[in-house]
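Below is one structure; the comments refer to it alone.
The values are calculated or read from the model by the stated rules, or taken from the named source; none is laboratory data. None of these values were measured; they are calculated from a predicted model. Cβ placement follows ideal geometry from the backbone for every residue including glycine, while neighbour counts extend to all protein chains displayed. Heads up: the accessible areas ignore ligands, DNA and RNA and are worked out on the full protein's heavy atoms, side chains in. Shrake-Rupley method; radii C 1.70, N 1.55, O 1.52, S 1.80 Å.
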Amino acid sequence: MTNGATESLVTVRDLVKTYHSDEIETRVLKGLDLELEGGGFVALMGPSGSGKSTLLTILGTLLRPTSGSLRIAGEEIVDMPEKNLTAFRNRTLGFVFQFHHLLPDFTALENVLFPAWVAKGGETRAARAHAEELLARVGLSDRARYLSTRLSGGQKQRVAMARALVNRPQLVLADEPTGNLDRDASMRLIDLMREVSHEEHTCFLISTHDADIAARCDRTIHIVDGRIANV
Amino acid sequence: MRRFEIRVALRYLRSSGLQTLLILAGVAIGIVAYTFMAALINGLAVRLTDDVIGSIAHVILEPRERLPQLLDAPDGGSALVAIQRSNEKRAKIEGWRPLVERLERLPEITAISPQVIGNGFFQRGEKVLPVGITGVEPARLSAIIDFEDGLVRGNVRLGSGDVLIGIRLAEKLGVTTGQRARLRSERGRERTLTVRGIFDIGSANANERLAFLDLRTAQTLLELDGAVTQIAMKVSDIYAAPRLAERLAGDTGLEAKDWIAENERLKGALRAQGTTGDLIKVFSLLTILIGVASVLLLAAVRRRGEIGIMRSMGVSQGSIRRIFQLQGFFIGLFGSSLGALGGWLFCRLLLELTVQPDGSTALPVDPALGEYSTAIALATACATFAAILPARAAARIDPVEAIHHD
Ligand SMILES: Nc1ncnc2c1ncn2[C@@H]1O[C@H](COP(=O)(O)OP(=O)(O)O)[C@@H](O)[C@H]1O
Ligand SMILES: [Mg+2]
């Protein structure tokens, strides 16, 4: 599953994102360049409002950049039609958000399975086994049948992580995943992510304010004035 | 459509418990109204039609006012019957026996009765009462009117010189079975007849104004000399009567009247009732439409964040649309199925509550005619249609906004 030495998992060139709202123009990303290697475990740091979420959302193919180019897993993203992007997201990417963790009407196991349902149209035995394995991996086998609303914040984020991994993506984008967690739960989550990243050769890009979290990553990148500083 | 879409749609309905129950109840009540209305209007139509249909002929063949053109046709060989207008301006059907035999073989005709129709007066003592005379073959007496069922006294074995009269006429004449009365025909011929039976066939007019004689006796009284004046028929499909009448008219050169054309008022009444019923049905479907649309629109707004999450997991806009479309479909299907059951039970209950001592029902509601499958199909279609707008709104939700702005 590794990319050839010649191509990175993610290649961002001269990425610009400008928001227009109420005639106010906000230039958030100003010609950003970035490369991420497959299997990397990377922290994305920057003060609030620096554009971390914007970058992750663009990498997550949910938001189109104003200009610039973006290749992920060998695919040109910028001009890809929405239909293909949808399938691409399902296959190649995983998300962990700070809020809106899980689908409230589904159990922990169903939440983990959801991207697999989408991929296959419905549930498969293999997907179910994999989802159960992932839940065990994040230490929540005994909560598999709990509605997601009955889990604690830390448990929710671990389920969200298992869910992000179920389709064996190459890139997991985590936007301040520990933002709502206490110290212990935060470190537990990051350590889990790190283990999985190394074992499964899955690249994680984790935005955070927390230097301790950054310290546990293999690499830290900083957004400064709309660009990556000091790669 | 993909399996997980059905799963998500059903889960959404299940987990919005109270809301789902309320909208299901709304749809169900609409369908109770729909099916009850159908059962009432259809039941009423059947009852009215039965009342009319039971004691009349469905198709009647009569001589034309003018001589039939068939006789003038160059190759008029197909004319089966010769029709004569007598000097006294009376049209009659001669040679009717082969025609009746031929008509009897038609499968759509269930009963047939060649008849003579005329007028006369009953005289008894001082009293002189006008009557319509109908002469029928004794063997076919009950072909059109069920005398066995309507008989109050005596019997229906109509012999030469016998007469069957209605209960009102019997009272007015002051006769009972076995007694005699003198009948004078419009032709001035008289005969003393024995009252063989007295009937009550529902209609006051029939009970007071009709006298049934055996064919030969009537022919003699009316000076018809072996001819009949009409051939009355009952058919298996009463609504096909006009088509059959048209065909027979073409075939025989006779004039054919069907019961529908002869009962304009019944037709008007049925149509008016049908329109009222349709209006109520349309309104009940409209409430379903509006109810489902508003509930799903609210759901789309309420589930913005979840829709954003699903989109980030690679759920397509089409899938989001179908998830909401399916909710509409299921609400329609489940709600209207409940409503159909409820409507049927409601009709049954009403019948139970209004049942008369003699076992008949006061309300014309017929639970079997509630148009349940049509109601379910229409309500499901309406609810699915109502979901189009909410489904589009849900599919258009921008995942980024939905995820970042709570
Ligand atoms: N949809 C939007 N419309 C206008 N401005 C936005 C929008 N989203 C984000 N921004 C602005 O872009 C800047 C970067 O935001 P964001 O990417 O969320 O930063 P971070 O995640 O690092 O805090 C902020 O100034 C924010 O106000
Ligand atoms: Mg942010």
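Take the conditions free of Cβ contacts under 8 Å to residues at least 40 places away in the same chain and aliphatic (A, V, I, L, M) and apply them to A:Met161. Does it pass?
no
Which of the residues belonging to segment B:372-386 are open to solvent by 60 Å² or more (accessible area, probe 1.4 Å) and either within 16 Å of ligand 1 (Cβ to nearest atom) or aromatic (Phe, Trp, Tyr) (or both)?
B:Phe385 - this is the single residue of segment B:372-386 that is open to solvent by 60 Å² or more (accessible area, probe 1.4 Å) and either within 16 Å of ligand 1 (Cβ to nearest atom) or aromatic (Phe, Trp, Tyr) (or both).
Being more than 16 Å from ligand 2 (Cβ to nearest atom) and either open to solvent by less than 20 Å² (accessible area, probe 1.4 Å) or touching a Lys or Arg at 6+ places or on another chain (Cβ under 7 Å) (or both) is the filter here, so list the residues in segment A:11-30 that pass it.
Correct list: A:Thr11, A:Val12, A:Leu15, A:Val16, A:Thr18, A:Lys30.
Would you tally the residues in segment A:159-210 being away from chain B (no Cβ under 14 Å) and within 16 Å of ligand 1 (Cβ to nearest atom)?
The qualifying residues number 6.
What residue, of A:Arg71, A:Arg64, is under 19 Å from the mean Cα position of the chain (by Cα), more than 16 Å from ligand 2 (Cβ to nearest atom), basic (Lys, Arg) and assigned to a loop (DSSP other than H, G, I, E, B)?
After ruling out the rest, the residue left standing is A:Arg64.
Considering B:Leu345, B:Leu369, B:Leu389, B:Leu296, which residue is open to solvent by less than 10 Å² (accessible area, probe 1.4 Å) and more than 14 Å from chain A (Cβ to nearest Cβ)?
It is B:Leu296.
Listed here are the residues, each with its yes/no results for (1) of a type outside the set (Asp, Glu); (2) away from every other protein chain (no Cβ under 14 Å); (3) closer than 21 Å to B:Ile320 by Cα.
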residue: A:Ile58; (1), (2), (3): yes, no, no
residue: A:Ile72; (1), (2), (3): yes, no, no
residue: A:His101; (1), (2), (3): yes, no, yes
residue: A:Asp105; (1), (2), (3): no, no, yes
residue: A:Ala129; (1), (2), (3): yes, yes, no
residue: A:Asp142; (1), (2), (3): no, yes, no
residue: A:Ser152; (1), (2), (3): yes, yes, no
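Could you check, for segment A:83-94, whether at least one of its residues is away from chain B (no Cβ under 14 Å), open to solvent by 20 Å² or more (accessible area, probe 1.4 Å), among the aliphatic types (A, V, I, L, M) and away from ligand 2 (no atom under 16 Å from the Cβ)?
No, there is no match, as no residue in segment A:83-94 is away from chain B (no Cβ under 14 Å), open to solvent by 20 Å² or more (accessible area, probe 1.4 Å), among the aliphatic types (A, V, I, L, M) and away from ligand 2 (no atom under 16 Å from the Cβ).
Take the residues in segment A:46-61 that are within 15 Å of A:Lys30 (Cβ to Cβ) and near ligand 2 (Cβ under 10 Å from one of its atoms); name whichever of them is most open to solvent (accessible area, probe 1.4 Å).
Restricting to residues being within 15 Å of A:Lys30 (Cβ to Cβ) and near ligand 2 (Cβ under 10 Å from one of its atoms), the top hit is A:Gly49.
I'm trying to understand the selection: among the residues of segment B:299-324, which are in contact with a Phe, Trp or Tyr (Cβ under 8 Å, 6 or more places away or on another chain) and away from chain A (no Cβ under 14 Å)?
B:Ala300
Where in segment B:317-403 are there helices (runs of 4 or more DSSP H), lying wholly inside it, with at least 3 residues that are in the same structural domain as B:Leu18 (by TED's automatic domain parsing), of a type in the set (Gly, Ala, Ser) and within 24 Å of B:Asp278 (Cα to Cα)?
B:317-353, B:372-386
Which of (1) outside any loop (DSSP other than H, G, I, E, B); (2) more than 27 Å from A:His201 (Cα to Cα); (3) of a type outside the set (Phe, Trp, Tyr); (4) near ligand 1 (Cβ under 9 Å from one of its atoms) does A:Gly49 not meet, given it meets every other one?
The failed condition is (1).
Kindly list, by first and then second residue, each pair from a residue in segment A:167-183 that is within 11 Å of ligand 2 (Cβ to nearest atom) and open to solvent by 30 Å² or more (accessible area, probe 1.4 Å) to a residue that is of a type in the set (Val, Ile, Thr) and not in a loop (DSSP other than H, G, I, E, B), limited to pairs with Cβ atoms under 9 Å and residues at least 6 apart or on different chains.
Correct list of pairs: A:Glu176/A:Ile206; A:Glu176/A:Thr208; A:Gly179/A:Thr208.
Specify the residue that is farthest from the other protein chains (Cβ to nearest Cβ); the eligible residues are those in segment B:1-51 that are surrounded by fewer than 19 Cβ atoms within 10 Å (Cβ to Cβ) and of a type in the set (Asp, Glu).
The extreme case among them is B:Asp51.
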